[in-house]
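This report refers to the structure that appears directly beneath it.
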Amino acid sequence: MAVAANTDKKRVVVIGAGFAGMNVARGLGGDARFDVVVLDRRNYHLFQPLLYQVAMAGLSPAEIAPPIRSLLSRHENVRVVQGRVDRVLLDEHAVSGDFGRFDYDYLVVATGAQHAYFGHDAWEPFAPGLKTLEQATEIRRRVLSAFELAERASDAEARRPLLTFVIVGGGPTGVELAGAIGEMSRFTLLSGFQNRLLVLIQWAWSYLTFSRGARLIVEKDWRSHVNEPASKESEH
Ligand SMILES: Cc1cc2nc3c(=O)[nH]c(=O)nc-3n(C[C@H](O)[C@H](O)[C@H](O)COP(=O)(O)OP(=O)(O)OC[C@H]3O[C@@H](n4cnc5c(N)ncnc54)[C@H](O)[C@@H]3O)c2cc1C
C-alpha cells in the first residue's frame, strides 16, 4: 500500500501495538505534524501482565485483549492496519508484508520479545511459554484437564502426580503463576470438585507447616526432585 504523498506531514510507521507501540501512537495522536500508521499482526492489544490470570481461568481472553482500533479511535491522525511486517527496506524507507507496503519518514520497531529455552527448544511442546493468548489458553486447558483427570482418579496416590505442577523460572511470571495455581486449587475450584476435602486438608496442612502448598527448588538439577522429596536445604 503506497502512501499518498499529499501533505508536509511526516509519516510515522509503528510496528507493534504492545505497550511500547501504543505509547508512541498515543503520544503522537492529535499532533498535526504527523500521520501515524500502527501495524500489528494481531487486531488486539495484549495486556501481558494479566496473562497468568487467563492461564488460571481467572479472566477470559477478551478481558485482557481490547481491539487496537478502539483504543486509538479518538486520534484522527492515527491509522490502524492489521498485518505482519516481513521486511524493512531501509534504503527505500519502507516496510512490507501481507498488507502490501508502507513508506515512512520515521519508523518505530516495537515488536516485543520472545521467550527463550536457552538451547532446549525441544521442551516447548511440554512447557509452553506465557507470552501470548494462545499459550495462556493452552496452559489453562492443560491445568483444568489435570483437575478433571484427578477428579476421576481412584485414590490419592493416582491423584498426586496429576495435581503436581512444575514451573520452571522463578521470576515474576513464574511466581505469579505459582500463586495463581495455589489460589485456584484452594478457592476457585473448591465448590465444583468432589475431592475438595482433600484439597482443604492439604491447604490446612500447608498453612500449618508454613509451606503454603508450593515448594521452591533452587538447585539446577531439578530432575532429581520429580520422583524424590526435596531435601531440607532446598525447600522453602
Ligand atoms: C506473563 C507476563 C507478565 C508480565 N508482568 C509485568 C508486570 O507486572 N509489570 C510490567 O511492567 N511488565 C510486565 N511484563 C512485561 C511487559 O508485559 C512487557 O515488557 C511489555 O508487554 C513489552 O511491550 P512491547 O510493546 O515491547 O512488546 P509486546 O507487548 O510484546 O508487543 C509487541 C507487538 O508487536 C506485534 N508484532 C510482533 N512482530 C510483528 C510483526 N512482524 N509484524 C506486525 N506486528 C508484530 C505483536 O503482535 C505485539 O502486539 C509481563 C510480561 C509477561 C509475558
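Just so you know, all these numbers are worked out from the coordinates, no wet-lab data involved. As the structure is a prediction and not an experimental result, all values here were calculated from the model. Every residue, glycine among them, receives a Cβ derived from its backbone with ideal geometry; neighbour counts consider all protein chains shown.
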*asked:* For segment 21-56: of the residues being in a helix (DSSP H, G or I) and free of Cβ contacts under 8 Å to residues at least 40 places away in the same chain, which is farthest from the ligand (Cβ to nearest atom)?
replied: Gly27
*Starting from residues that are among the hydroxyl-bearing types (Ser, Thr, Tyr) and part of a loop (DSSP other than H, G, I, E, B), keep the ones in segment 99-118 and report whichever is surrounded by the most Cβ atoms within 10 Å (Cβ to Cβ).*
Tyr104
*Based on what the data block shows, is Val14 in a strand (DSSP E or B), touching a residue at least 60 places away in the same chain (Cβ under 8 Å) and within 13 Å of the ligand (Cβ to nearest atom)?*
yes
*Could you list, in sequence order, all residues of segment 79-98 that are out of contact with any Phe, Trp or Tyr (no Cβ under 9 Å at 6 or more places or on another chain) and assigned to a loop (DSSP other than H, G, I, E, B)?*
Leu90, Asp91, Glu92, Asp98
*Looking at (1) closer than 30 Å to Ile167 by Cα; (2) surrounded by fewer than 16 Cβ atoms within 10 Å (Cβ to Cβ); (3) out of contact with any helix residue (DSSP H, G or I) (no Cβ under 7 Å at 6 or more places or on another chain), can you tell me which one Arg42 breaks?*
(2)
_Yes/no for Leu144 being within 18 Å of Gly58 (Cβ to Cβ) and part of a helix (DSSP H, G or I)_ = yes
